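The values are calculated or read from the model by the stated rules, or taken from the named source; none is laboratory data. Bear in mind the structure is a predicted one, so any value in this text is a computation, not a measurement. Every residue, glycine among them, receives a Cβ derived from its backbone with ideal geometry; neighbour counts consider all protein chains shown. Each accessible area value is taken on the protein alone, full model and side chains, heavy atoms only, with ligands, DNA and RNA left out. Shrake-Rupley method; radii C 1.70, N 1.55, O 1.52, S 1.80 Å.
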Amino acid sequence: MPLRETVARADADRAAGRVPIARQRLRGLISSFPHDLALRRRLAEVYRLYGDAAEAGRWMYLEEDRSASETAAFEARYGSPGWRMRALAWHGPEAKAATAFAQGQLVAVRTACAEELGHRVDWDDPASYRDELKGEHEAPSEPWTVGGVLAGVGCLVAALAFLAIWVNGVVALFG
């Protein structure tokens, strides 16, 4: 599906209240078009609807007009340069960045990661900064959602119902 059509669908999904679908479409587009800052900005807007400042900060990190509080939340959640490199989902040289500010941010994150690890790291080679990811930093997690909690409770109820039916069957068979 062409970029414009997918963006239009994501916008329509968001307008219709289908925010998770809009988020999924935009995340897919960013993986295909990592240099498109407008897509990153749209995804940040979606995360603001969730109230997730860290993820909004993640996707606005390369923008000069980013929110200081969102940037701080992103940097706190992704506490090391290696985690930030992974989270930014950038591919290719920093020179592909659309703005000088974005290019500077990417260089700063990569340089900080290289200094921390003591060797060269590259956006296109996650193995070059993967060692750092095994360290003391915990993998970031998504915030709990009502849908996720309800799904977990539903699975638990289904498992308990299955167990009750099984126990009833064993008792009836041998009782």
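Name the residue, out of R77, R110, that is in contact (Cβ under 8 Å) with a residue 12 or more places away in the chain and touching a strand residue (DSSP E or B) at 6+ places or on another chain (Cβ under 9 Å).
R110
Just wondering, is there one or more residues in the stretch 89-110 that are surrounded by fewer than 16 Cβ atoms within 10 Å (Cβ to Cβ) and in contact with a Ser or Thr (Cβ under 7 Å, 6 or more places away or on another chain)?
yes
Confirm whether R120 is at pLDDT below 95, of a type in the set (D, E, K, R) and not in a loop (DSSP other than H, G, I, E, B).
No; evaluated as a whole, the condition is false for this residue.
Just give me the residues in the stretch 42-82 being open to solvent by 40 Å² or more (accessible area, probe 1.4 Å), closer than 30 Å to L117 by Cα and of a type in the set (K, R), in sequence order.
Within the stretch 42-82, R66, R77 qualify.
Taking the stretch 146-163, which residues are surrounded by 10 or more Cβ atoms within 10 Å (Cβ to Cβ), at pLDDT below 90 and hydrophobic (A, V, I, L, M, F, W, C)?
Selection gives V149, L150, A151, V153.
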